[in-house]
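Before any comments, here is the structure.
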Amino acid sequence: MDNQKLIEEINKLHYHGFLEIAVSPDDKDILVVFGSSDVPEPKYAFDEYNRSIWKYSLESKDFIQMTLPEEDSSKVTWSPHGQKFAYTSLNFGQKELCLMDRDGSGKQILTQSKFSGRDPFNGTTLIWSPNSQYLAYVVMPFGSKYGLVKKFKEYYQNPSEIYMYMGSDDLNKKIRSELSVFESELHIIDVNTLENKKVFSIKEKMIKIEHWSPEGNQLIFSIGDELKSLDLDNSQCTCLYKGRIELIQFTGNEIIMAKRIANGIQVGNIANGEFQIESAINFPSYNIILHTWSNDGAYLFFSAQEGVTNALYRMARTDSKIKQITPMNHIVWSPMHRAGVKSFHHSSNLAFPLGNPSSAAELVIADLNGNLITTSEINQNNLFSDLKVEIIHYRSGDEVIEGILVFPPNINSEIKSCPILVYLHGGPANGTVTANLNDLISARGLSAAYYLALHGYVIFLPNFRGSGGYGDRFKEEASGLNLMHAPYEDVIAGIEYLINQGIADPDKLGIYGSSFGAMLATWIVSKTSMFKGAAAAVGVYDLLYDD
């Protein structure tokens with residue numbers, strides 16, 4: 001395969017990142033939002049990712065494309081009767097709220113906004129009334145906070161007038177002043193008549209809609225650390241709870257909530273203005289994500305990073321028992337697969353993406369014990385079938401270091417002394433190399449490991465000290481004066497391990513990285529001459545610059 005064709009095929013595969021999942025009310029169809037952040041920086045800064053909506057049928061096992069990438073559709077939400085779904089989409093240069101019939105017909109633009117902000121629906125929440133007649137949604141007329149900062153920085157770089165900023169504190173003060181215009185509004189629109197009513201707005205805070213009561217007269221929403229109920233008949237607002245709010249579920253007349261604490265999770269119910277803890281677990285892992293409750297509220301589903309693995313877990317609400325749902329050396333969540341896990345409405349089944357270092361993620365339907373019911377095939381290909389991937393462990397001093405090796409095509413155990421490229425991840429804690437093919441094929445500040453392997457290199461990706469997913473002590477060992485030295489020792493130990501195993505040719509070693517990995521790469525080549533080449537991207541190379 002020629003180089004340009006290879007890049008096109010990789011980009012096509014990389015586009016199918018599972019960004020959103022929405023299960024239909026009858027559990028027969030699943031809407032999936034695909035997309036990729038591989039877009040120019042001015043676009044993704046304003047929440048423009050070339051996303052598209054696809055429908056997966058649980059009967060036919062087929063994907064049907066519902067919107068095009070240039071429409072950048074997202075925030076997909078089924079109507080309660082299941083005949084329509086709402087979403088935001090880019091139309092004529094402005095994001096709007098749209099509607100479509102379940103079969104893909106009847107596309108309709110619901111709003112005609114004239115907001116000054118470029119990303120007024122960035123971070124919006126949408127929710128249907130129980131009778132499927134109304135949609136409540138949140139909009140930011142001046143744009144999101146991130147968009148406002150980006151807009152100011154663009155002006156700062158190319159001002160029409162000259163300003164003097166006395167250091168970073170003065171500049172940050174100006175940014176905070178620009179953010180003071182941030183506002184969020186709660187609207188309700190009649191999807192039949194298109195009558196649109198602004199219910200209320202609030203300055204400098206974000207509204208998140210949580211629930212529409214089954215009777216249709218109460219909207220539950222959160223603003224910061226307050227959970228409130230709005231009576232739509234008399235416009236009276238009642239505070240239900242004040243405190244940190246995370247994953248909420250409404251079951252009958254009960255409000256249950258899960259929230260993360262230091263190295264653990266608490267679950268309980270909100271009653272009489274208090275969060276009443278029912279059970280808690282100690283789960284010292286990195287990057288715990290609370291995904292969803294089961295439809296009856298009996299189980300909480302969350303994922304956690306454990307080394308290269310991002311596993312799905314089930315926690316019982318009553319007795320705190322935990323069960324691992326997905327296998328090791330797989331991922332259910334990553335920045336490129338942000339959809340996470342969704343519960344079905346009439347069964348205990350779950351829908352989530354599942355991938356590993358050798359296979360791109362697919363949409364998986366499983367029961368609450370993790371038994372697979374069906375798996376999609378949208379990402380099946382033979383592009384990397386000749387490549388071999390191994391997860392390795394080796395010693396560096398008193399630590400065991402985990403890493404990934406990607407071998408070039410047709411390699412076998414008899415082939416020795418290969419050219420090695422060492423990839424150093426960013427972060428370091430939030431840049432951990434994971435068991436995710438999308439990470440390994442991407443060149444967006446990542447390794448492009450598969451591309452390089454197809455050109456004859458073995459790629460070595462170590463999770464050196466400082467990486468997340470191995471506990472606080474492991475992470476904190478790369479700090480202070482050891483910020484560079486501890487990872488350096490782990491990388492050198494990894495190279496020595498590969499040489500001793502006969503895998504690495506000591507005369508054909510290269511090293512590269514981005515962000516923190518770029519800093520580390522330049523540090524390493526200043527300490528040793530074993531590498532014949534080094535590449536560093538978007539790093540900081542003078543840590544005293546801001547002092």
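The values are calculated or read from the model by the stated rules, or taken from the named source; none is laboratory data. Quick caveat: nothing in here was measured; it's all calculated off a predicted structure. Positions of Cβ are backbone-derived with ideal geometry, glycine not excepted, and every protein chain shown enters the neighbour counts. When the accessible area is computed, the model is the full protein with side chains, heavy atoms only, and any ligands, DNA or RNA have been set aside. Shrake-Rupley method; radii C 1.70, N 1.55, O 1.52, S 1.80 Å.
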Q: Over the chain, with every protein chain in place, what whole percent of the accessible area is carbon and sulfur at 1.4 Å, could you tell me?
A: 49
Q. Quick one, which of (i) 1.09; (ii) 1.03; (iii) 1.22 is the actual Cα Rg over 2.2 N^0.38 Å calculated for this model?
A. (ii)
(Q) Using a probe radius of 1.4 Å on heavy atoms only, what accessible surface per residue do you get for the chain? Whole Å² is fine. (A) 45
Q. Could you state the number of Å between the C-alpha centres of segment 45-104 and segment 168-210?
A. 24
Q.
What is the sum of charges, Lys and Arg at +1 and Asp and Glu at -1, for the other residues whose Cβ falls under 11 Å from the Cβ of residue 115?
A. -1
Q: Under 13 Å Cα to Cα from residue 84, which aspartates and glutamates show up? Leave out anything in the same chain fewer than 8 places away.
A: 26, 29, 101, 103
Q) Helix 485-500 versus the longest principal axis of the chain: what is the Cα-based angle in degrees, 0 to 90, to the nearest 10? A) 60
Q. What stretch of the chain, leaving out the sites themselves, is the longest with no GluC sites (Glu not before Pro) in a DSSP loop having at most 14 other Cβ atoms within 10 Å?
A. 415-547
Q | Theoretical gain in end-to-end length, residue 7 to residue 91 [0.36 nm per residue, Cα-Cα removed] | A | 27.3 nm
(Q) Can you compute the modelled spin-label distance between residue 226 and residue 202, with each label point 7 Å from Cα toward Cβ, in nm? (A) 0.6
Q) How much accessible surface area, in Å² rounded to 10, belongs to the heavy atoms of residue 38 with a 1.4 Å probe? A) 70
Q. Which net charge results when you count Lys and Arg as +1 and Asp and Glu as -1 among the other residues whose beta-carbon is under 14 Å from that of residue 6?
A. -2
Q. Among the listed pairs 114/145; 43/174; 173/208, which are separated by more than 21 Å between their Cα atoms?
A. 43/174; 173/208
Q: May I ask you to list the residues of segment 89-128 whose amide nitrogen lies under 19 Å from a point 7 Å from Cα along the Cα→beta-carbon direction of residue 237?
A: 124-127
(Q) Checking the table 55/75; 95/205; 61/95; 259/321; 5/153; 388/508 against a 26 Å threshold on Cα-Cα, which pairs fail? (A) 61/95; 5/153
Q) Where Lys and Arg each count +1 and Asp and Glu each count -1, what net charge lies around residue 95 among other residues with Cβ under 12 Å from its Cβ? A) -3
Q | Degrees between helix 516-527 axis and first principal axis of the chain (Cα, 0 to 90, nearest 10) | A | 10
Q: Kindly list the residues of segment 215-245 that lie in the label zone of residue 276, defined by a backbone N under 12 Å from the point 7 Å along the Cα-to-C-beta vector.
A: none
Q: Determine the relative contact order of the chain: mean sequence separation of Cα pairs under 8 Å and six or more apart, normalised by residue count, in whole percent.
A: 8
Q.
Suppose R0 equals 25 Å. What FRET efficiency, 1/(1 + (r/R0)^6) with r the Cβ-Cβ distance, do residue 383 and residue 411 give to the nearest 0.05?
A. 0.90
(Q) Tell me the mean residue ellipticity at 222 nm calculated for the chain from its helices only (DSSP H runs of n ≥ 4, each -39500 (n - 2.57), averaged over every residue, nearest 500). (A) -4500 deg cm²/dmol
Q.
Using a 7 Å offset from the Cα along the Cα-to-Cβ direction at both residue 262 and residue 44, what is the distance between the two label points in nm, to one decimal?
A. 3.3
**Q.** Selection of trypsin sites (Lys or Arg not before Pro), segment 248-329, meeting DSSP coil and at most 12 other Cβ within 10 Å
**A.** 321
Q. If one takes the longest principal axis of the Cα atoms in the chain, at what angle in degrees, from 0 to 90 and to the nearest 10, does the Cα axis of helix 145-157 lie?
A. 60
Q.
If you average the C-alpha positions of segment 225-304 and of segment 437-461 separately, how far apart do those two centres end up, in angstrom?
A. 40
